[in-house]
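This report refers to the structure that appears directly beneath it.
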Amino acid sequence: MTRPGNAAVLSLIIPGLGQFYNGFFLRGIFWLIITPGLWIGTGGLLGWICHVISAITAYKKAEELERDFDRPI
């Protein structure tokens with residue numbers, strides 16, 4: 001089971017790491033490639049935005065997993 005806060009913090013440290021933590025490997029690779037590209041390509045302007053979006057999506061996906069895990073069958 002994943003915790004939303006852990007996923008968000010991991011993605012704030014390294015974009016995509018929170019997605020890996022949640023078990024979404026393709027999403028993690030996406031954020032791991034796109035975020036540094038935007039950091040470099042825009043001089044940091046869009047890098048910050050992408051970095052934060054990565055953490056938010058990791059948090060929301062972990063919440064969904066947690067909610068689905070707690071749902072009765």
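What the table below lists for this structure:
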| quantity | calculated |
| --- | --- |
| Wholly enclosed helices (runs of 4 or more DSSP H) of the chain bearing at least 1 residues of a type in the set (Val, Ile, Thr) and over 14 Å from the mean Cα position of the chain (by Cα) | 25-41 |
| Residue check for Pro15: in contact with a His (Cβ under 6 Å, 6 or more places away or on another chain) and either farther than 19 Å from Pro4 by Cβ or crowded, with 16+ Cβ neighbours inside 10 Å (or both) | yes |
| Tally of residues being at pLDDT below 90 and crowded, with 18+ Cβ neighbours inside 10 Å across the stretch 27-46 | 0 |
| Among residues of the stretch 17-73, those that are touching a helix residue (DSSP H, G or I) at 6+ places or on another chain (Cβ under 6 Å), of a type in the set (Lys, Arg) and touching a residue at least 40 places away in the same chain (Cβ under 8 Å), counted | 1 |
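The values are calculated or read from the model by the stated rules, or taken from the named source; none is laboratory data. Everything numeric in this text was worked out from a predicted model, so none of it was measured. Methodologically, a virtual Cβ is constructed for each residue, glycine included, from the backbone with ideal geometry; neighbour enumeration extends over all protein chains shown.
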